[in-house]
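Worksheet: the structure to be examined is printed underneath.
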Amino acid sequence: MMEKGDNLIEYKIGTVDEIPEGSCKIVTISGKSIGVFNVNGEFFALRNTCPHQGAELCKGKIVGIHVCGESIDDIKLVREGEFIRCPWHGWEFDIKTGKSLIDPKKTYVRSYEVSVKPSCDEELQVETFPTRVQADVILVKV
């Protein structure tokens, strides 16, 4: 946990290796359930509550969206892995923004700022052999 000047606190929730691409890790921070997602190597965090009826949104399926091309037979899957589908009623939200796919101006899920920083980058002496410890950690600002 690290204090920040803007009255928000950064919480260490794990390392980059703990959240493989295309997956989500659910954590509790200050009593809030939050899902942290790895979307193509970038990390995003959403409140784990669907605004429709309160389902655990981040336990839903991570999906893409289908769009029509020039003809009815020209359907393509785009932005694969960038949306979360509510497990109860199928409402879909953009993982990067928290906005609803159907009504992005009015319906959304709270999103949180996420950063990835090195946890340690210093030389240590272990049994007279120089050692370097380095693992990127994920921080969520709440």
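The values are calculated or read from the model by the stated rules, or taken from the named source; none is laboratory data. Quick caveat: nothing in here was measured; it's all calculated off a predicted structure. For neighbour counting, all protein chains shown are included, and Cβ atoms are generated from backbone atoms with ideal geometry for every residue, glycine included.
Can you work out which of the residues in region 107-142 that are in a strand (DSSP E or B) and β-branched (Val, Ile, Thr) is modelled with the lowest pLDDT?
Among those residues, the one meeting the criterion is Val126.
Tell me whether region 65-76 contains one or more residues that are at negative phi and surrounded by 14 or more Cβ atoms within 10 Å (Cβ to Cβ).
If we filter region 65-76 for residues that are at negative phi, which is where we start, we get 65-76.
Retained after the next criterion (residues that are surrounded by 14 or more Cβ atoms within 10 Å (Cβ to Cβ)): 65.
Checked against the condition, which is being at negative phi and surrounded by 14 or more Cβ atoms within 10 Å (Cβ to Cβ), region 65-76 yields at least one hit.
Condition first: assigned to a strand (DSSP E or B), within 11 Å of the chain's Cα centre (by Cα) and surrounded by fewer than 20 Cβ atoms within 10 Å (Cβ to Cβ). Now tell me which residues in region 11-26 satisfy that.
Lys25, Ile26
Among the residues of region 42-61, are any surrounded by 15 or more Cβ atoms within 10 Å (Cβ to Cβ), part of a loop (DSSP other than H, G, I, E, B), within 18 Å of the chain's Cα centre (by Cα) and of a type in the set (Val, Ile, Thr)?
Yes, because at least one residue in region 42-61 is surrounded by 15 or more Cβ atoms within 10 Å (Cβ to Cβ), part of a loop (DSSP other than H, G, I, E, B), within 18 Å of the chain's Cα centre (by Cα) and of a type in the set (Val, Ile, Thr).
For region 74-91, name all the residues that are part of a strand (DSSP E or B), of a type outside the set (D, E, K, R) and in contact (Cβ under 8 Å) with a residue 12 or more places away in the chain. Step through it out loud before you land on a result.
At the first step, the residues of region 74-91 found to be part of a strand (DSSP E or B) are 75-85.
Then drop every residue that is not of a type outside the set (D, E, K, R), which leaves 75, 77-78, 81, 83-84.
The answer is Leu77, Val78, Gly81, Phe83, Ile84.
Write out, first by first residue and then by second, each pair whose Cβ atoms fall under 6 Å of each other, whose residues are 6+ apart or on separate chains, and whose first residue, in region 92-106, is assigned to a loop (DSSP other than H, G, I, E, B) while the second is of a type in the set (Ser, Thr, Tyr).
Cβ pairs passing all conditions: Gly98/Tyr108; Gly98/Ser111.
Which residue pairs have Cβ atoms closer than 9 Å, lie 6 or more positions apart in sequence or on different chains, and pair a first residue in region 12-28 that is within 13 Å of Asp136 (Cα to Cα) with a second residue that is aromatic (Phe, Trp, Tyr)?
Listed pairs, sorted by first residue: Val16/Phe43; Ile19/Phe37; Ile19/Phe43.
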